[in-house]
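Right, one structure below, let's go through it.
Bear in mind these aren't lab numbers, they're just calculated from the coordinates by the rules spelled out. All figures in this text were calculated on a predicted structure; none of them were measured in a lab. Positions of Cβ are backbone-derived with ideal geometry, glycine not excepted, and every protein chain shown enters the neighbour counts.
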Amino acid sequence: MTLYRKQSSLKNIIGTTALALAALMVTPSVMPSGLAYAQDVPEGRQFSAKAGEAVNEALQLINSDQHSAALSQLSNVLTQPDLNAYERSTIYQMQGSSYYELNQYGPAISAFENAINAGGLLPNEADSLRVNIAQLMIANGQYAQGAQALENYINRGGQQKPQYVEMLVQAWVQSENYSKALPWAEKWFNQASPKERKHFDLMNFLYNNLGQQGRQADIVKQMINRWPEDKALWDAWASMLANGGREQEAFEVTKMLYLGGALNSEQELMKVVQYYSFYDMPFQAAQILEKEMNAGRISRSSEKMVQLSSLFRQAREYKRAIPVLESAAASSGQAKLYADLGEALYNEGQCVKAETAFKSAINKGYDAGKSWMLIATCRYEDTQKQERIDCKMSDAQKDAAPITKARQSAIQAFEQVPSSSREGRNAKKWISFIRAEREAVENRCIFEANVEKELCFAIIKGAYDNEVFVGKFEIDAKDQKCMAFKPEYDSKYRVKIVDQ
């Protein structure tokens, strides 16, 4: 930020010192012998003839812009032993003016301070010089010292001119003492008529750096009303809402800007994607990311492709995630991407392709335990699509059944899970579960067979009991299947009578 008060203006103010001195002094050539000043000059504010003549020569050098020569002359005058306070103060002022003209601000400040300390100035003259010193300090980069000196002058009853207020604002801002700058900035802002963009920008800057979000919000609202087309203001407004814990409102502002076509950079567009993702709208986030990648406004990097696939997977849009992951995995060769691809294929029920992707991930160093668990789980889920075992099948038919082979394939995959893996224990549980499932089928068939046999035994017994009435063993046509169990029944329950 540049100084509000230009150096040329400061030169005009300080340069009047020499003119003021010239008005007070009378050259020896126009004075009676032995007199240096007119009789109405106040006591103690006079030059001796010797000092006056030397100082007059220095003044002529100053007026002809020979400041180095003037400084040399003035330094010689200061060696005179009998100079009074007024003479010393005046000479130091003249030195300060010449140093200033030579852009030697440090020596100029010291000379003006010496002029005050010499004790030959009237109170109003000393105050004016203090203002000059403060201005010089600020021009010399001593912002905090200059601002404090100017504040001290005002606090002692000095004039609070608008240019002083503006200078204080700038000096405190330059020294990064924003709390000191704020009250002067508020005066400057309130006094401005008409108010320009620079007035609002400064207040926005100060409130932001001081963490005064309420006041900053008020300023930004006023700015948006004045300059609604300024996207930076809307961005600032959204940031303030977010930083103030009002994320939902910040999202709405950002969404409005996006839909209105005000956001164009990749960073801005990614912020929109992140907002939708943060608010549990992964599908919308993925749609925006895909759209902007296709439009070329967001780079189609591996990182962005991974993010897009992740968003589709979060939205359970695995079918749309698969081609993105295939492309990203092929271009980067990363194990994690092949694993993610395998998971997406797994969720789409494409077990063969999922297994290929998982094996690629394992070969590239991905967690074998997790990969084989998903391969095995996918194989097991395939068993649920197969026709169940029919208890009427022979043992050979049962062993050759697709569901039996699918179960065995799943067991083989679970056995590939390393026992040292975090999934090792779960894999063993799955193996036990699948074997128990097969055993349950066998038990079911045995139970069904036993139920049928017991029923037929009851029918056969009834036929024997009824033989005494009908004169023969007879089973209804609908129960003829029970005849297969008659030999076993007879061997168990009929006593063979042997003739003696």
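At an R0 of 56 angstrom, the distance between the Cβ atoms of residue 198 and residue 384 translates into a FRET efficiency of 0.20.
Between residue 458 and residue 336, the FRET efficiency from the beta-carbon distance, with R0 = 41 Å, is close to 0.05.
Summing Lys, Arg as +1 and Asp, Glu as -1, what charge do residues with Cβ under 13 Å from the Cβ of residue 151 carry, residue 151 excluded? Overall, the nearby charge balance is +4. Fully extending the segment from residue 144 to residue 72 would add 22.7 nm, taking 0.36 nm per residue of separation and subtracting the current Cα-Cα distance. Pull out the extension gain between residue 156 and residue 63, defined as 0.36 nm times the separation in residues minus the alpha carbon to alpha carbon distance; nm, one decimal. Here the answer is 30.1 nm. When each of the peptides 330-337, 286-293 is scored by the mean number of other C-beta atoms lying within 10 Å of its residues, the order from highest to lowest reads 286-293, 330-337. For the chain, the alpha carbon convex hull comes to 308 Å³ per residue, rounded to a whole number.
So, counting K/R as plus one and D/E as minus one, what does the shell of residues with Cβ under 15 Å around residue 400 add up to? Taking every other residue near residue 400 into account, the sum is +2. The helix-based estimate of mean residue ellipticity at 222 nm for the chain, built from -39,500 (n - 2.57) per DSSP H run of four or more residues and divided by its residue count, is -23000 deg cm²/dmol to the nearest 500. Please list, in order, the residues from the stretch 298-313 whose amide nitrogen is less than 15 Å from a point placed 7 Å along the Cα→Cβ vector of residue 268. Answer for this model: 298. Kindly express, to the nearest 10 degrees and within the range 0 to 90, the angle between helix 49-63's C-alpha long axis and the longest C-alpha principal axis of the chain. Approximately 50 degrees, to the nearest 10. Look at the alpha carbon pairs under 8 Å that are at least 6 residues apart: their mean separation over the length of the chain gives a relative contact order of 5 percent.
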